[in-house]
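Before any comments, here is the structure.
The values are calculated or read from the model by the stated rules, or taken from the named source; none is laboratory data. This is a predicted model, so every value here is computed, not measured. Heavy atoms of the whole protein, side chains included, go into the accessibility calculation; ligands, DNA and RNA do not. Shrake-Rupley method; radii C 1.70, N 1.55, O 1.52, S 1.80 Å.
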Amino acid sequence: MTQTQSGAATTALCEAYGIALPYITMSSYLFPTASLERLQAIDLLNAILFYIDDSYDRNQHRVPIHLPSPATYAHCVGLFVDGMLPTDGHHLYPIWYEAYRQFRDLSTRDYRQRLAESLITHLQATQIPNRTFLQTTTTTDMYIATRLHDSGMYPTMILIEFALGQSVSRAVYTHPAMQRATELTALIGALLNDLFSYEKEVLHLDSRFNLVRILMDAEQLSFEQAVHRAVTMINQWIAKFETLAQPSVWFQGVQHAQANQYINALRQQIAAAWHWQLATNRYRSPNSPFPMLRNMLIDP
């Protein structure tokens, strides 16, 4: 019921502000215990990011009209922190103000600033053009380093605190082991998406910004070999995450409880990366190279 209520509210807002209907079910997979009020705020922020991703995709053959400048994105994110509307009147500003309004009473300015810094890094990564990865010198490691931030996984993980309704101590989320667990979660979520989006990105748009395509080009692998390699990498990261995810070794008392909640939330993000992408038609097509994605869902 919470997912349905939040989805209906977010859909109405997106239609009112003139942005494309978002894939609003994802947030409830990522944050299954969030309250309705907090889930609605997260839904809206994710809807905005999906809209930006779909409208200003680096893989489009022609540069989208009215492509936002880095300054525009900076204004959007600054607006999210303080609610101060810029004077240049970009059409993205009103929906970002609505996100600010929904987050304002449920979070501190310091928290929104930390989330904003991660959002800027994400938006900057999305502006790296597709032609950058056409070069024969592009390596798998170079691609992954960009994809980590382009994917939006880091802002999503900062949303864990907001979804839980409680802050996580800086000592917890900056601990080296926790940072590595966070990085592994980002790797898993980002690169798993590359498998699901391969048809859309590579076969339809001839993009090189996809792990499978990078593996095929940089390491001279067949499609089947590249998929196997990608799956093997993801499974290895999952195994490393589970080996590392031992908060009782790192912290005691209150910090241990926070770390345990955070690790469990990261685990939910990993599960969501698989289950939500199977539960949406966003990555399905009768012509998908993956048989399990060829049937469209009637009521995703």
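Table for the structure above
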quantity: Rounded Å value of the spacing that divides the Cα centres of the stretch 257-290 and the stretch 83-122; calculated: 26
quantity: For Asp54, solvent-accessible area (1.4 Å; no DNA, RNA or ligand), Å²; calculated: 60
quantity: Percentage of interatomic Cα-Cα distances in the stretch 96-151 larger than 18 Å; calculated: 48
quantity: List His90, His256, His204, ordered by accessible area with a 1.4 Å probe, largest first; calculated: His204, His256, His90
quantity: Rounded accessible area per residue of the chain, 1.4 Å, Å²; calculated: 47
quantity: Whole-percent carbon and sulfur share, accessible surface of the chain, 1.4 Å; calculated: 54
quantity: CD proxy at 222 nm, helix term only [per DSSP H run n ≥ 4: -39500 (n - 2.57); per residue of the chain; nearest 500]; calculated: -20500 deg cm²/dmol
quantity: Ranked order, Glu199, Glu224 - accessible area, probe 1.4 Å, largest first; calculated: Glu224, Glu199
quantity: Accessible surface, 1.4 Å probe, highest first, among residues Met216, Met142, Met178; calculated: Met142, Met216, Met178
quantity: Sequence-separation-based contact order of the stretch 48-193, relative, with Cα cut under 8 Å and 6+ spacing, percent; calculated: 21
quantity: Potential extension, Gln225-Ala74 segment - 0.36 nm per residue separation minus Cα distance; calculated: 50.3 nm
quantity: Rule-of-thumb Rg ratio for the stretch 147-300 [Cα; 2.2 N^0.38 Å; N residues]; calculated: 1.16
quantity: Net lengthening on full extension, Leu134/Leu244 (0.36 nm per residue, minus Cα-Cα); calculated: 36.1 nm
